[in-house]
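Report on the structure given below.
Coordinate-derived values only; no laboratory data. Values in this document were obtained by computation on a predicted structure and should not be read as measured data. Here the Cβ positions follow ideal geometry from the backbone for every residue, glycine too, while neighbour counts run over all protein chains shown.
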Amino acid sequence: MLRFTLNNMNDSFKFAQGLLTIGDLAERTGVAPATLRMWEQRHGFPVPERLPSGHRRYRETDVPVVSEVLRRREDGTRLDVAIDRAVAQVRAEAEPAAASVYAELRRRHPALQAHRLRKDTLKALSWAIEDEFCARATRPHLFGAFQRAEFWRPARPRWRELARVARSAFVLVDEPGGGGGDGLTEVALAPESPMRREWVVVCDSTELPAALSAWELPGQDDVRDGDRLFESVWTVDPAAVRDAARVCARTAQEVGAAEAAPVLFDLAGPAPGGVADLASVTTLFNRVVAYVDAASGRVPENAL
């Protein structure tokens, strides 16, 4: 009887410290207690603390991980894969923000396939994303990284037009020199920034999210500009697009862009569910093919 009382006292003390019962976790996430027990038995997740009485207790940090597993399951992901990816995502979110959009996308979303693209092809893809996503989305957050000022100057008029319909628009480049205006914020990348070698287009929006990031391969000083090779990824997954947008906004904030703070706050929440509809993706693909085919790999000079 005394042992039972002590166990109950321990249980009460730990609960007062903020630990959750299995019923609490079930209520917070919508996953039934029986399901949580089954996940633990078959997949070793979630891992509870065991009180002396044998009762399970969970941490507050288990709530978002379980919720993320549930979201991925509803999207059709196999349970073991959903668990692995949700745990990896939460761990990554606890780490410092990456300084490279490309690196962040490859780390957080390893399923994204990387392709080596010539600059001329990359221009066509960027132009298509700007036309089909950035220009048509409702009040998106837009980000572009242009490497050097000589590549940014021809695209400035086009991006000023895109900025007129955006909630925010940021351009990251080595030497902006344009002064911004019309809702466009030009950000000077630090000399040591990895993004000086990166090419980025990000459209963070509810209905038409898209992100493109490409890392220029080293050792191409003697290569014709249009033939320069980039290791490239692109996606319409809202979670991946939100990750890319956060890296851009954090980079802008770190170099002193005051406009980045409210945008970071806006991007702090989870990305909206779903992905861009198939019709939009198909149109994007068709536009890329048309640009590449019509110009034999060359697109208008004011593309990114």
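List of remarks:
- Projected-area mean, segment 101-295, by convex hull of Cα positions, square nanometres: 10.4
- Scaled to the globular estimate 2.2 N^0.38 Å, the Cα spread of segment 161-207, given as radius of gyration, is 1.25.
- Here the relative contact order of segment 101-295, from alpha carbon pairs under 8 Å that lie six or more residues apart, stands at 26 percent.
- Cα gyration tensor, segment 174-235 - rounded (a/c under 1.5), prolate or oblate: oblate
- Nearest-20 debye value, segment 101-295 charge dipole, Cβ charges on Lys, Arg, Asp, Glu: 160
- Largest to smallest principal axis extent of the C-alpha atoms in segment 18-67, angstrom: 27, 25, 15
- Ordered by the count of other Cβ atoms within 10 Å of each Cβ, fewest first, Leu162, Leu172, Leu79, Leu278 give Leu278, Leu79, Leu162, Leu172.
- Each pair of Cα atoms in segment 190-283 enters the Kirkwood radius, and Stokes-Einstein at 4 °C and 1.567 mPa s then converts it into a translational diffusion coefficient of 87 µm²/s.
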